[in-house]
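Working notes for the structure below.
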Amino acid sequence: MKEIVLIAGIQFKEAAGAAAWFRQQGATVYELPSADGAERAEVLAAIEAEGKLDYLIVQATHRGENVQPLGQVDYQDMAQVFDKGVNGVHALVEVALPLLRKGKKRLGLITSAATSTREPKETKDFAFAMTQAGLHMLWKLYFNKLRPEGFTFRVFCPEEDGSGIPAGQYMHMDFCYDAREEYIHNEENRIVMRDGHMREISW
Amino acid sequence: MEYVVITGADRGIGLSLVENYVRNGCTVFAGQFMPDWPQLGELQQQYPEKLHIIPLNVGDDQSVKNAAGLVAGTTDRVDYLINCAGIFPKTEDAAGFTSAFQVNSLGPLRVVEAFLPLMQTGKKRLCTFSSETGVIPLMQRVKDFPYCVSKAALNMEMHMLFQQLRPQGYTFRLFHPGWVKSYMSGAKSTVGDFEPEEAAPVAYRYFVGDDEIDDVLILRDIQGQYWPF
């Protein structure tokens, strides 16, 4: 059966690349420019007609538009970035869940290794980094909540130089290495961030 | 004489922390969000010289700037800045995410930013109440999404502030008070492992202590354990 994919955040090159990758595999791909896009209801209605959604892949790596040093921080800008990111993604996941439950049940997040809380390389754009940290937590919470239903999760940090595997391929890969011994060899029972070379990134 | 600013000082652990500091001889500027709540005023009557109440809503840019202006009118130096104010949103919708982010995540950044000029000549210690709910690797909850997201964002913010301010001599104390019977949901919680009056003295000793490794950002809990955040 043809796989149905919804990719939100197509304005970002990695998400756009994932859409192209899935199309090459023969999937039907629906796109949203951003998770909070006005086109959301229309696109979801079209997916509803398909009867299921296999993959919801989201990228919301919005940067602050007015990044300033301490003393001049633009809090309105920060709130807007958070709203587009966390609120937009949360709302999209919630409305897509019923369709995902009829499909492969995979939730994918494209993020940035620069926003690893433990080792943040992003040191100036608070809005960007704090929103990504919020999204990482959101994915972990959804993992806790939905994994018992059979959902699987991907959190991918593309390489800045474009090397390594593309986001689409990573989202598509399965990590249950031996179905006969699922308890030990099923990587799906934990949620991790990885980069394009499959290196695990600290949260 | 050391000067201390404490946000969220109306009640609970913030109020108890104010008492710990004034009892130990510090001058405290206590951020008041709820002027109708009597406890902070009652404490001020006991320490009229040492305790100054300042109106403060950490979710509002102008309120934070005004508070910094009020403190600057009294002292040219702040030694300890303590981010204690926090909320637990009642809803798991966009309003809940936004309010938690504004207060729990952006609130400490607003306060740090506004008080930095006063801290330059002080002890330069930034203290913040974080939580296990912001620790992604150990997160086990299946609800409370807005609160947990806001605390994860706060932890990221602290790492970024640490990178920027540690080279200027600032030291950081991040504290997870455990499950405190707090007022964050409005009324005082009837469940929890610790009373605010039990958690505050532990926080006080951690905040004033100089025996930590200051070149690494650490999240420590009420039992002295470090958290992998």
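The values are calculated or read from the model by the stated rules, or taken from the named source; none is laboratory data. Note that the coordinates shown come from a computational prediction; the quantities given were computed from them, not determined experimentally. A quick note on method: Cβ atoms are made from the backbone with ideal geometry, for glycine too, and the neighbour counts reach across all protein chains shown. Remember, those area values only see protein heavy atoms, side chains included, never the ligands or the DNA or RNA. Shrake-Rupley method; radii C 1.70, N 1.55, O 1.52, S 1.80 Å.
Which of A:His62, A:His185, A:His172 ends up with the largest GNM mean-square fluctuation for chain A, with Cα atoms connected below 10 Å? For chain A, modelled as a Gaussian network with Cα springs under 10 Å, the answer is A:His185.
Note down the magnitude of the dipole of the protein assembly as shown about its Cα centre, charges +1 on Lys and Arg C-beta and -1 on Asp and Glu C-beta and zero elsewhere, to the nearest 20 debye.
Details: 42 positive and 55 negative charges, 76 e Å.
Roughly 360 debye, rounded to the nearest 20.
Summarising the label geometry, the points placed 7 Å from Cα in the beta-carbon direction at B:Tyr47 and A:Glu94 lie 4.2 nm from one another. For segment A:113-203, taking Cα atoms only, Rg and Dmax work out to 14.3, 48 Å respectively.
Would you mind telling me which residue in A:Ser112, A:Ser34, A:Ser163 has the biggest mean-square fluctuation in a Gaussian network model of chain A, where springs connect alpha carbons within a distance under 10 angstrom? Its mean-square fluctuation being the largest, the pick is A:Ser163. Rounded to the nearest 500, the helix-only mean residue ellipticity at 222 nm of chain B stands at -12000 deg cm²/dmol, with each DSSP H run of n ≥ 4 adding -39,500 (n - 2.57). In order along segment A:124-133, the phi-based Karplus estimate (6.51 cos²θ - 1.76 cosθ + 1.60, θ = phi - 60°) of 3J(HN,Hα) comes to 10, 8, 4, 4, 5, 5, 5, 5, 5, 4 Hz; Gly and Pro are listed as x.
Among the DSSP beta bridges whose two residues both lie in segment A:84-203, what percent are antiparallel, rounded to the nearest 5? Write out the running numbers ahead of the final one.
Numbers: 3 of 11 bridges.
DSSP beta bridges in segment A:84-203 are roughly 25 percent antiparallel.
Projected onto planes of every orientation and averaged, the convex hull of the alpha-carbon atoms in segment B:173-229 covers 4.4 nm².
Principal axis extents of the Cα atoms in segment B:1-125, from largest to smallest and rounded to whole angstrom, are 45, 31, 20.
Taken about its Cα centre, segment A:1-104 carries a charge dipole of roughly 440 debye when the Cβ of each Lys and Arg holds +1 and the Cβ of each Asp and Glu holds -1. One way to sum up the overall shape of chain B is the equivalent ellipsoid from its Cα gyration tensor, whose semi-axes run 24, 20, 18 Å, largest first.
Counting DSSP beta bridges with both partners in chain A, what percentage is antiparallel, nearest 5? Here the share of antiparallel DSSP bridges comes out near 10 percent. Taking every protein chain into account, the 1.4 Å probe leaves A:Leu97 with about 10 Å² of accessible area, to the nearest ten. Rolling a 1.4 Å probe over the heavy atoms of the protein chains gives chain A an accessible area of 42 Å² per residue.
Summary of the geometry: segment B:169-213 and segment A:102-161, compared by the centres of their Cα atoms, lie 29 Å apart.
Evaluated at q = 0.31 Å⁻¹, a Debye calculation over the C-alpha positions of segment A:1-42 (equal weights, vacuum) places log10 I(q)/I(0) at -1.02. One quarter of the surface of the convex hull around the alpha-carbon atoms of segment A:30-115 equals 6.3 nm², the direction-averaged projected area. Hydrodynamic estimate: the Kirkwood radius of the protein assembly as shown over Cα pairs, inserted into Stokes-Einstein at 10 °C and 1.306 mPa s, corresponds to D of 70 µm²/s. With N as its number of residues, segment A:69-115 has a Cα radius of gyration that, divided by 2.2 N^0.38 Å, comes to 1.61. Average 1/r across all pairs of distinct alpha carbons in segment A:20-60, invert it, and you get the Kirkwood radius: 11.2 Å. Counting DSSP beta bridges with both partners in the protein assembly as shown, what percentage is antiparallel, nearest 5? Bridges in the protein assembly as shown are about 10 percent antiparallel.
Given contacts defined as C-alpha pairs under 8 Å and at least six residues apart, what's the relative contact order of chain B, whole-number percent? Could the numbers behind the result be given before it?
Working: 428 pairs, mean separation 44.4, N = 229.
Relative CO of chain B lands at 19 percent.
On a straight-distance basis, which lysines could pair with B:Lys181 in a cross-link, Cα separation under 22 angstrom, same-chain partners fewer than 8 positions away excluded? Within the straight-line limit of under 22 Å, B:Lys181 reaches these lysines: B:Lys90, B:Lys143, B:Lys151.
Convert 10 °C to kelvin, take the viscosity as 1.306 mPa s, use the Kirkwood radius over C-alpha pairs of chain A as Rh, and evaluate the Stokes-Einstein diffusion coefficient in µm²/s, rounded to a whole number. Mind dumping the intermediate values first?
On the way: Rh = 17.3 Å.
The estimated diffusion coefficient comes to 92 µm²/s.
Between B:Arg141, B:Arg125, B:Arg173, the residue with the greatest mean-square fluctuation in the GNM of chain B (Cα pairs under 10 Å linked by springs) is B:Arg141.
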